[in-house]
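The values are calculated or read from the model by the stated rules, or taken from the named source; none is laboratory data. Quick caveat: nothing in here was measured; it's all calculated off a predicted structure. We place every Cβ from the backbone using ideal geometry, glycine too, and count neighbours over all the protein chains shown. All accessible areas refer to the heavy atoms of the entire protein, side chains included, with ligands and DNA or RNA removed. Shrake-Rupley method; radii C 1.70, N 1.55, O 1.52, S 1.80 Å.
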Amino acid sequence: MQGLLDWIRRISGRYTTAQKVGALLVAVILVLGLVMAARWAARPRYRVLFSGLEGQEVSKVLAKLDEQKVDYRVEGSAILVPQDKVDKLRLELSMEGIPSGGKVGYEVFDSTGFGASEFSQKVNYQRALEGELSRTISSLEQVEAADVHIVLPEEGIFSSGDRKATASVLVKLKPGQKLGSGQVEGVRNLVAGAVLGLSSEDVAVVDESGNTLTGGESSMAQAATQLEALQAYRAYFESSLQEVVDRVVGKGKGIVKAHVSVDFSQSVTQQESYKPPTEGGLPSSQQTFEEVYNNGSAGAAGVPGTGSNIPDYQSITQGGSGAAYQKRETKTEFENNREVTEKTSPPGKITGVSLAVLVDQEVEPTTVSALEDALAAAAGIDPGRGDVIAVQQVPFDTSYQEEAKAVLAKAEGGRRIMEWARVGALALLAVLAALFLVRKLKRVKKRLAELPLAELTAAQALEEAVEKARPMLTGAAKSPVLASIEMFANQRPDEVAKVLRAMLKERS
């Protein structure tokens, strides 16, 4: 330990007080920086546990976190906890029904007593059903929160059987999100399927701005739905055909715009056709008449009339032998074959397509002609239906592209300047550091040159004496005096050097 302190004294003796203070400040700053970096690296990283909760739900979550002694931070409406505990805390809190989103589900029956009335049971069931549906709808990707209200008809002796169950759904959408018509219909079917006696037509869906999302009988809602369908048709045609144009003439050298006519009316067509009956057809009616007469008793015989009374004519007579008579008649009627065909045409049938294609003038005419044929085939253009496709070559305005290139070039130039400035700063620091080291070396060299010759001679003489005495001392046993002198010289070389200098001065 004493040797370390002596070494420190020797090193510190070579520098001035200002240099010592500067080195001490640098060491303190370095130590503080290391401590702060270690603390920053060791601190826990926080992630969002829940966000967007109501005040009551936030208080429940914070109470559970305090109970489990978990570090947390609250930033606005978000609760942050250490990253390695997020999944575990979510599972534990969800098992306890926290957060519930402010909605009561079927867990309301967990605290129901035996003395609850039938009315209370019905009210709790309706609350639980509404809460469960709200949670389910809130789990949709586009929905942030949802409220469901159900009206169930009262059952009783004097209640009218014509009343039906109805429901309304209020959805709060996430920023930038919207529900399509198919998704709205899915929400209506979801609610209708969970409530007995509820039809999807009796479910109304409204967003947080009061806009009706269900079609219903509203003309405005129908117009909005039709406009949405038209935009979807147009976007489909334009995106698919634009891809073809970009692959043929190059990106930015062709534009496609489409107009689609759609028939939103719904029609039902019935057609009856009659065909004559063919052989083997089914009869419409069939009648059979049969008459049988049989008389075996004897009686008057002969043919009545003049033949039996005039002698000139011979007559055939039969008498006493009985008589028999039988007659069968069948009547079948066939009708024309009748065929009834009923055809239902759903709304949304495309009745016409018009395409406008603009191509840069630099494109070859043969390429434009081939492109027109390809687009007509891809879009299903039917001239008999009145479809139109127009492909025109026009000079494109490329000024905005040139401006964009100029902006990019300017940004690239700025980036290069910053890169050069950074490299220059690093080079300048390197040069300054080199100059500082050169100056320090010059100072050391100057101080060595300014040392007295006697000091150098004493140091050299000490080294020479030690080297000459080392072979003699290695083979022989050291005396206690020599051992003490050697230990003293090793521990305090500066004092030994001073003694030798004084001895040399006396001899001189």
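Based on this model, can you work out whether residue 279 counts as acidic (Asp, Glu), modelled with pLDDT of 60 or more and either surrounded by fewer than 10 Cβ atoms within 10 Å (Cβ to Cβ) or in a loop (DSSP other than H, G, I, E, B) (or both)? Write out each step before concluding.
Values: acidic (Asp, Glu): yes; modelled with pLDDT of 60 or more: no; either surrounded by fewer than 10 Cβ atoms within 10 Å (Cβ to Cβ) or in a loop (DSSP other than H, G, I, E, B) (or both): yes.
Spelling it out, it is not the case that residue 279 is acidic (Asp, Glu), modelled with pLDDT of 60 or more and either surrounded by fewer than 10 Cβ atoms within 10 Å (Cβ to Cβ) or in a loop (DSSP other than H, G, I, E, B) (or both).
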Problem - Filter result for residue 90 (at negative phi, open to solvent by 70 Å² or more (accessible area, probe 1.4 Å) and modelled with pLDDT of 80 or more) - result: no
Practice task
Hey, could you check the stretch 219-271 for residues that are acidic (Asp, Glu) and in contact with a strand residue (DSSP E or B) (Cβ under 6 Å, 6 or more places away or on another chain) and say which is nearest to residue 379 (Cα to Cα)?
Solution key: 238
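Only one of 378, 409, 427 is surrounded by 10 or more Cβ atoms within 10 Å (Cβ to Cβ) and either touching a strand residue (DSSP E or B) at 6+ places or on another chain (Cβ under 9 Å) or within 30 Å of residue 236 (Cβ to Cβ) (or both). Can you tell me which?
Working: 409 fails: either touching a strand residue (DSSP E or B) at 6+ places or on another chain (Cβ under 9 Å) or within 30 Å of residue 236 (Cβ to Cβ) (or both); 427 fails: either touching a strand residue (DSSP E or B) at 6+ places or on another chain (Cβ under 9 Å) or within 30 Å of residue 236 (Cβ to Cβ) (or both).
After ruling out the rest, the residue left standing is 378.
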Problem - Residues satisfying the stated conditions in the stretch 227-249, i.e. touching a residue at least 60 places away in the same chain (Cβ under 8 Å), touching a helix residue (DSSP H, G or I) at 6+ places or on another chain (Cβ under 8 Å) and either not aliphatic (A, V, I, L, M) or not in a helix (DSSP H, G or I) (or both) - result: 237, 240
Practice task
Go through the stretch 193-215 and give me each residue that's assigned to a loop (DSSP other than H, G, I, E, B) and open to solvent by less than 80 Å² (accessible area, probe 1.4 Å).
Solution key: 195, 197, 210, 213, 214, 215
Handout entry: Yes/no for residue 391 being among the hydrophobic types (A, V, I, L, M, F, W, C) and part of a helix (DSSP H, G or I)
Key = no
